[in-house]
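Engineer: Handing you a structure now.
The values are calculated or read from the model by the stated rules, or taken from the named source; none is laboratory data. Note that the coordinates shown come from a computational prediction; the quantities given were computed from them, not determined experimentally. Quick reminder, even Gly has a Cβ in these numbers, built from the backbone with ideal geometry, and neighbours come from all protein chains shown. Calculation scope for accessible area: heavy atoms of the full protein, side chains included, ligands and nucleic acids excluded. Shrake-Rupley method; radii C 1.70, N 1.55, O 1.52, S 1.80 Å.
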Amino acid sequence: MGKVTGFMEYDRLAEANLPVTDRVKNYKEFVLHLSDAEAKQQGARCMDCGIPFCTTGCPVNNIIPDFNDLVYSQDWKAAIDVLHSTNNFPEFTGRICPAPCEAACTLNINADAVGIKSIEHAIIDKAWENDWVTPQIPAHKTGKKVAIVGSGPAGMAAAQQLARVGHSVVLLEKNSRIGGLLRYGIPDFKMEKSHIDRRMAQMAAEGVEFRVNQNVGENVKADDLLAEFDAVILAGGAEYPRDLPVTGRELDGVMYAMDFLTPQNQVVAGDTVANQVMASNKNVVVIGGGDTGSDCVGTSNRHGALSITQFELMPQPPEKENKELVWPNWPLKMRTSSSHEEGANRDWSITTKELIGENGKVVALKGAKVEWVNGKMVEIADSEFTIKADLVLLAMGFVSPVQKLLEVFGVEKDARGNAKATTEGADSYKTSKTKVFAAGDVRRGQSLVVWAIREGRQAAKAVDEFLMGSSTLPR
Ligand SMILES: Cc1cc2nc3c(=O)[nH]c(=O)nc-3n(C[C@H](O)[C@H](O)[C@H](O)COP(=O)(O)OP(=O)(O)OC[C@H]3O[C@@H](n4cnc5c(N)ncnc54)[C@H](O)[C@@H]3O)c2cc1C
Ligand code: SF4
């Protein structure tokens, strides 16, 4: 620990954001990483608490006190080495991770947590600026071949780890670009896609082969992969969205969030998208209060929506958590994203009763207030309302992986329809089918980028052990 009294001397400093009026004019990132001097001070706030709960709060177990200390002493090169030892892609997590590490920070018990995510962001940006992120080319090849189906953060992390220990890795993706939801779900204003391209160049140099437009189960046969490769990792995500079965669901202007978000990312990437649905001059209603819903708000604001309203079925969470009860766990509390700051009306405990149309197009939403009694949803009498809605975006989460991917490989599913595989013991990440593994949202259900990276890394180790009998990869 660099500065014994740092946590008493310095306040937490949030990263600066460009003003709302400027940033909603485009799709560029608007969060500015800390300066060297700011990062040094923030690193000094880490107080060597003895048991670093932050490290266990972080799904990839980043060695946070060490890199905080290295940033305090301005040894940025050593800091990126520590960060990369547990996390393949800190430029992704440093931008879009919700930072469960900070909820677990000991300083968070009675003060503001160390700004761990902002320090991570500063370290990796400095590393790229200084060309410290270079390919780690294996000294020898093992002669083993691994196919990975799905190129999101789980597939990318697994591919990089396996290539670095000398396996020939092919990453197959059904879309025309690599990156999974990082590429086609998460908007550019949260994470620009050049970060993925830069990593792809590094991974290509390390020996990863990327094959796009390969829809396994459609234009690529599962049996062919099983015949050609020594192991297969399924990393196809959890793409099956939750629907809203109400009257009017079929109307024009009612759509899944991903059908709204993906085309926008494609347009930013320079693609021509026929019939892109825009929110411009529309009254937009977003149903669902999570990350996806928030991204719909940010995108609608950039389109120039007339109004944006976001409804959530669950009650409004408390402004602040009771830290004595919940620390070091992830607390349920009110979260206001940068997209919400850009403008949206939000309401909680709202159920959608009907979508009203005229000439086949949605024009309004009929909803009602609900309360939760003994875990059951009860509609509040006389609370029905109608709100104008020209575009209704369904962002209520994802139910499971697309089942066909699991079925063509004949792997067993768990009760929620995910690929069934444990994460512990000798069988970790193995599905019921010999030499087929599963990692990321396809195994754990809809989750976070940082969990996908963890699963990709751990599945890579499991595959390496399966192929070679032992593995030098970290767990
Ligand atoms: C709109 C949105 C915003 C989000 N925002 C955040 C955020 O801010 N922070 C955060 O941590 N998490 C966020 N998440 C969640 C996060 O993106 C996912 O948890 C994460 O990407 C899962 O990684 P994955 O690699 O398991 O799967 P995915 O990223 O879903 O990648 C799976 C890939 O597999 C491909 N695939 C599927 N089936 C096949 C097949 N048959 N053949 C070939 N390829 C196939 C898909 O095309 C896809 O590219 C968000 C999710 C969404 C939808
Ligand atoms: S990856 Fe996420 S949880 Fe881990 S240190 Fe970074 S911000 Fe925190």
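Engineer: Rounded to the nearest 0.05, what FRET efficiency do Glu218 and Glu371 give with R0 = 41 Å and r taken as the Cβ-Cβ distance? Could you check?
Structural biologist: On the way: r = 45 Å, r/R0 = 1.11.
Efficiency, from the Cβ-Cβ distance: 0.35.
Engineer: May I pose another question? What accessible area per residue, rounded to a whole number of Å², is obtained for the range 1-108 using a probe radius of 1.4 Å? Each step should come with its number before you reach the end.
Structural biologist: Details: 4690 Å² over 108 residues.
Solvent-accessible surface per residue comes out at 43 Å².
Engineer: Quick one: which of Lys40/Lys320; Lys413/Lys433; Lys145/Lys221 span more than 20 angstrom between C-alpha atoms? Kindly include the intermediate steps, with their values, before the conclusion.
Structural biologist: Numbers: Lys40/Lys320 28 Å; Lys413/Lys433 11 Å; Lys145/Lys221 17 Å.
Too far apart for the 20 Å limit: Lys40/Lys320.
Engineer: So with the 1.4 Å probe, I'd like the accessible area per residue for the range 152-228, rounded to whole Å². All intermediate terms of the calculation are to be shown ahead of the outcome.
Structural biologist: Working: 2530 Å² over 77 residues.
That works out to 33 Å² per residue.
Engineer: What is the ratio of the Cα radius of gyration of the chain to 2.2 N^0.38 Å, with N the residue count, to two decimals?
Structural biologist: Taking the Cα Rg and dividing by 2.2 N^0.38 Å, one obtains 1.01.
Engineer: I'd like the FRET efficiency for Lys435 and Gln136, computed as 1/(1 + (r/R0)^6) with the beta carbon distance as r and R0 of 30 Å, rounded to 0.05.
Structural biologist: The formula returns an efficiency of 0.70 here.
Engineer: Moving on. Starting from the Cα of Lys361, step 7 Å along the direction of its Cβ; do the same at Val378; then give the gap between the two resulting points in nm.
Structural biologist: 4.1
Engineer: Taking a point 7 angstrom from the Cα of Lys320 along the C-beta vector, which residues in the range 1-43 have backbone N less than 16 Å away?
Structural biologist: Residues 12 qualify, since their backbone N sits under 16 Å from the label point.
Engineer: Further question on the same structure: Given a 1.4 angstrom probe, what's the average accessible area per residue across the range 336-449, in square angstrom? Walk me through the numbers on the way to the answer.
Structural biologist: On the way: 5630 Å² over 114 residues.
Here the per-residue accessible area is 49 Å².
Engineer: Let me check something: with ligands and nucleic acids excluded, how do Asp224, Asp188 order by accessible area (1.4 Å probe), largest to smallest?
Structural biologist: Asp224, Asp188
Engineer: Given a Förster distance of 35 Å, report the FRET efficiency between Thr472 and Asp22 from their Cβ-Cβ distance, rounded to the nearest 0.05. Each step should come with its number before you reach the end.
Structural biologist: Numbers: r = 48 Å, r/R0 = 1.37.
In this case the efficiency is close to 0.15.
Engineer: Under a straight-distance cross-link criterion of Cα-Cα below 15 Å, which aspartates and glutamates are reachable from Lys420, leaving out those fewer than 8 residues away in the same chain?
Structural biologist: Qualifying aspartates and glutamates at Cα under 15 Å: Glu407, Glu412, Asp441, Glu455.
Engineer: Follow-up question, since we're still on this one. Take the Cα atoms of the range 378-435, find their three principal axes, and give me the spread along each one in whole Å, biggest first.
Structural biologist: 56, 25, 14
Engineer: Write down the Kirkwood hydrodynamic radius of the range 55-136, to one decimal in angstroms, obtained as one divided by the mean of 1/r over all alpha carbon pairs.
Structural biologist: Numbers: mean 1/r = 0.0786 Å⁻¹.
About 12.7 Å, per the Kirkwood formula over Cα pairs.
Engineer: Let me cross-check Tyr256: its accessible surface, 1.4 Å probe, with only protein heavy atoms counted, in Å² to the nearest 10?
Structural biologist: Roughly 50 Å² of Tyr256 is accessible to a 1.4 Å probe.
Engineer: Got a number for carbon plus sulfur as a percent of the chain's accessible area, 1.4 Å probe?
Structural biologist: 50
Engineer: Please compare each pair in Lys141/Lys404; Lys25/Lys193; Lys117/Lys323; Lys144/Lys430 to a cut-off of 29 Å on the Cα-Cα distance and tell me which ones are over it. Don't jump to the answer; show the numbers that get you there.
Structural biologist: Working: Lys141/Lys404 33 Å; Lys25/Lys193 18 Å; Lys117/Lys323 20 Å; Lys144/Lys430 18 Å.
The pairs that break the limit, which is 29 Å between Cα atoms, are Lys141/Lys404.
Engineer: If you don't mind, there's one more thing I want to ask. Mean residue ellipticity at 222 nm from the helices of the chain, using -39,500 (n - 2.57) per DSSP H segment of n ≥ 4 over the full residue count, to the nearest 500 deg cm²/dmol? Walk me through the numbers on the way to the answer.
Structural biologist: On the way: 20 runs with 166 residues, N = 475.
It lands at -9500 deg cm²/dmol.
Engineer: Between Ala16 and residues 5 or more places away or on another chain, which pairs have amide H atoms under 5 Å apart, with H built 1.01 Å from N, and which residues are they?
Structural biologist: Leu32
Engineer: Sticking with this structure for a sec: Using only Cα positions of the range 185-297, each an equal point scatterer, no hydration layer, compute I(q)/I(0) via Debye at q = 0.10, 0.19, 0.20 Å⁻¹ and quote the log10 values to two decimals.
Structural biologist: Result of the Debye calculation: -0.47, -1.23, -1.28.
Engineer: When we measure straight from the Cα of Lys174, which aspartates and glutamates land under 13 angstrom away, once same-chain ones fewer than 8 places off are left out?
Structural biologist: Glu218, Glu239
Engineer: Work out which GluC sites (Glu not before Pro) in the chain are exposed loop sites (DSSP not H, G, I, E or B, at most 14 other Cβ within 10 Å) and give the longest gap free of them. Please report the intermediate quantities before stating the final value.
Structural biologist: On the way: sites that count: Glu218, Glu250, Glu319, Glu384, Glu412, Glu424.
Of all site-free stretches, the longest is 1-217.
Engineer: Could you work out how far apart the two model spin labels at Thr336 and Val267 are, taking each label as a point 7 Å from the Cα in the direction of the beta carbon, and quote it in nm?
Structural biologist: 2.9
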